[in-house]
1. For region 29-92, which fully contained helices (runs of 4 or more DSSP H) count at least 1 residues that are over 11 Å from the mean Cα position of the chain (by Cα), modelled with pLDDT under 90 and not charged (D, E, K, R)?
2. Does A13 qualify as being touching a helix residue (DSSP H, G or I) at 6+ places or on another chain (Cβ under 7 Å), of a type outside the set (D, E, K, R) and either within 16 Å of A82 (Cα to Cα) or modelled with pLDDT under 95 (or both)?
3. When you go through T8, T31 one by one, which is the residue that is surrounded by fewer than 16 Cβ atoms within 10 Å (Cβ to Cβ) and polar (S, T, N, Q)?
4. Report, ordered by the first and then the second residue, all pairs with beta carbons closer than 7 Å, sequence separation of six or more or different chains, a first member in region 63-90 that is small (G, A, S), and a second member that is at pLDDT below 90.
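The values are calculated or read from the model by the stated rules, or taken from the named source; none is laboratory data. Just so it is clear, the model here is predicted, and its values are computed rather than measured. Glycine also receives a Cβ, built like all others from the backbone with ideal geometry; neighbour counts cover every protein chain displayed.
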Amino acid sequence: MQEEAAQTIALQALGWIAANDDLFPVFLSATGASLTELRSRAADPLFLAAVLDFLLQEDAWVLDFCGQNGLPPITLQSARAALPGGALPHWT
């Protein structure tokens, strides 16, 4: 997957997280980001990688997001691999 496509998917994921009343506060707490920072950092590939890292923590979130967006679940992992730090080994 190309980085531009991965960024688009991460932006969709950010929108999905922001629209989820239960998940959005968890995301803000986990990232320490404010609403203002979200807007300014939405174009930052490192931040978008963090969005996908957050979403990939929970299978139910992955399945829900992908189901609502018509994407196979593996798409999130492929998108994460295309963003900065995605080529690093996973030890878990």
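1. Values: elements: 35-41, 45-55, 59-69, 74-82.
Output list reads 35-41.
2. When the stated conditions are applied, A13 passes them.
3. Working: T31 fails: surrounded by fewer than 16 Cβ atoms within 10 Å (Cβ to Cβ).
Exactly one residue qualifies, and that residue is T8.
4. Final answer for the pair search is S78/M1; A79/M1; A81/A87; A82/M1; A82/E3.
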